[in-house]
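Report on one structure; see the data block that follows.
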Amino acid sequence: MITVLLSQIVLMFAMMFTGTLMYKTGKMTSEGARCLGNILISVILPFVVIKSFMTECTAQRLSGLFITFAAALLALILSMLLSRLIFKSSPMSHFSAAFSNAGFIGIPLVSAMFGDEAVFYVSSFVALLNIFQWTYGVFVITHDKRTIAIKKVLTNPVLIGLIIGLIFFFIPLETPEIVYSFVSAIAAMNAPVAMFNLGAYLAQTKFRQIFTDKHAYLVSLVRLIVIPLCTIALLSLIPFQNNTIKIALLIVAAAPVGSNAAIFAQIHNKDYQHAVRCVCLSTLLSLPVLPLLTALAGALWHVAI
């Protein structure tokens with residue numbers, strides 16, 4: 001299984017550098033990258049969530065869903081508290097360390113390793129992460145409660161996708177093949193489009209500056225090591241019938257800095273370039289770190305990785 005994870009990470013980095021090359025050669029513009037990001041958030045990621053819920057509703061899946069929802073909520077609260085403790089005086093670093101790239105990196109890795117069944121269980125993590133970004137995250141950046149847009153939370157595409165997915169899950173009707181094929185085709189675009197988008201971010205930053213930003217290293221250390229190790233300790237206390245789901249939750253919780261950090265920095269006139277460097281550096285460093293964390297968790301929880 002660790003070989004699958006490594007090969008998937010290498011594949012995703014190859015896609016990311018393809019996006020970088022496309023931007024550097026003028027085949028993709030900043031506006032094109034922005035549009036890709038909008039398509040990811042507004043269309044592709046919600047379809048990934050919907051597809052994961054297009055499965056039979058059983059007592060085991062239902063109980064597992066409640067447990068993973070609670071575990072995801074606790075893991076995100078832990079992440080936000082640790083980030084606040086370490087980066088209280090640096091809003092963008094606080095935001096960057098608190099929120100992982102669960103949707104664009106975590107979900108494709110979970111899907112490759114464990115299939116749609118595992119994506120079903122970790123979808124609540126992605127939905128909760130988006131809700132916290134638009135509420136707690138916005139407040140961290142602006143320190144102004146008036147900027148918290150409840151309407152944006154309620155109309156968040158991932159949350160809408162979760163609601164539609166739950167309808168598919170709870171209503172005992174067989175999904176038409178054409179509908180399933182349509183949803184699956186769009187969901188399958190998640191990894192390549194997300195990596196092309198990240199590659200465009202990477203291309204807009206001088207490569208040398210990525211590796212000379214000392215603060216970005218500290219953010220990456222907290223996001224990739226401190227928070228995941230504490231998450232492993234937290235998940236070890238929660239009883240799961242299937243410890244594989246723990247690994248899946250760890251992967252989305254231990255993913256590098258979310259690309260939304262750069263988007264939110266731009267929206268709220270914060271240090272956009274620093275946010276981009278945090279996204280790019282943590283993404284690059286996750287190549288060796290994430291497999292090691294996953295192997296450690298697998299050994300602790302007796303899951304063959």
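The values are calculated or read from the model by the stated rules, or taken from the named source; none is laboratory data. From a predicted model like this one, the values you see are computed outputs, not experimental measurements. When we count neighbours, we look across all protein chains shown, and the Cβ atoms used for this are built from the backbone with ideal geometry, even at glycine. These accessible areas exclude ligands, DNA and RNA; they are computed on the full protein's heavy atoms, side chains included. Shrake-Rupley method; radii C 1.70, N 1.55, O 1.52, S 1.80 Å.
Quick notes on this one:
- Any hit, region 132-149, residues being surrounded by fewer than 23 Cβ atoms within 10 Å (Cβ to Cβ), closer than 27 Å to Leu5 by Cα and small (Gly, Ala, Ser): no
- Hey, Phe69 surrounded by 15 or more Cβ atoms within 10 Å (Cβ to Cβ), at pLDDT 90 or above and not hydroxyl-bearing (Ser, Thr, Tyr) or not: yes
- In summary, Ser181 fulfils each of the numbered conditions (1) polar (S, T, N, Q); (2) without any contact (Cβ under 8 Å) to a residue 40 or more places away in the chain; (3) open to solvent by less than 50 Å² (accessible area, probe 1.4 Å) with the single exception of condition (3).
- Residue within region 259-277 that is at pLDDT 85 or above, in contact with a Pro (Cβ under 9 Å, 6 or more places away or on another chain) and part of a helix (DSSP H, G or I) present: no
- Residue within region 277-286 that is more than 22 Å from Val110 (Cα to Cα), more than 16 Å from the chain's Cα centre (by Cα) and open to solvent by 10 Å² or more (accessible area, probe 1.4 Å) present: yes
- Restricting attention to region 72-110, the residues that are free of Cβ contacts under 8 Å to residues at least 60 places away in the same chain, open to solvent by 10 Å² or more (accessible area, probe 1.4 Å) and not aliphatic (A, V, I, L, M) total 3.
- In region 190-221, the residues that are free of Cβ contacts under 8 Å to residues at least 24 places away in the same chain and either surrounded by 15 or more Cβ atoms within 10 Å (Cβ to Cβ) or part of a helix (DSSP H, G or I) (or both): Phe207, Arg208, Lys214, Leu221
- Leading residue by the ranking (surrounded by the most Cβ atoms within 10 Å (Cβ to Cβ)) among those in region 6-19 that are within 16 Å of the chain's Cα centre (by Cα) and of a type outside the set (Phe, Trp, Tyr): Met16
- Residue among Leu109, Leu154 that is modelled with pLDDT under 85 and under 26 Å from Ala187 (Cβ atoms): Leu154
Here is a yes/no grid of residues against (1) within 23 Å of Ala70 (Cβ to Cβ); (2) among the aromatic types (Phe, Trp, Tyr):
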{"residue": "Asn101", "(1), (2)": "yes, no"}
{"residue": "Met113", "(1), (2)": "yes, no"}
{"residue": "Val119", "(1), (2)": "yes, no"}
{"residue": "Phe125", "(1), (2)": "yes, yes"}
{"residue": "Ile150", "(1), (2)": "no, no"}
{"residue": "Val158", "(1), (2)": "yes, no"}
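- Cβ-Cβ under 6 Å pairs, at least 6 apart or on other chains, region 25-47 side of a type in the set (Ser, Thr, Tyr), far side open to solvent by 30 Å² or more (accessible area, probe 1.4 Å) and part of a helix (DSSP H, G or I): Ser42/Pro157
- Of all the residues in region 20-59, those that are over 29 Å from Val153 (Cβ atoms), open to solvent by less than 30 Å² (accessible area, probe 1.4 Å) and not aliphatic (A, V, I, L, M) number 1.
- Restricting Ala187, Ala297 to those that are in contact (Cβ under 8 Å) with a residue 12 or more places away in the chain and open to solvent by less than 10 Å² (accessible area, probe 1.4 Å) reduces the list to Ala297.
- Leading residue by the ranking (nearest to His143 (Cα to Cα)) among those in region 237-258 that are part of a helix (DSSP H, G or I) and within 15 Å of the chain's Cα centre (by Cα): Ala253
- Being modelled with pLDDT of 85 or more and over 23 Å from the mean Cα position of the chain (by Cα) is a description that applies to Ile171.
- Evaluation of Ala187 against (1) over 17 Å from the mean Cα position of the chain (by Cα); (2) within 30 Å of Pro291 (Cβ to Cβ); (3) small (Gly, Ala, Ser) (one fails), failing number: (1)
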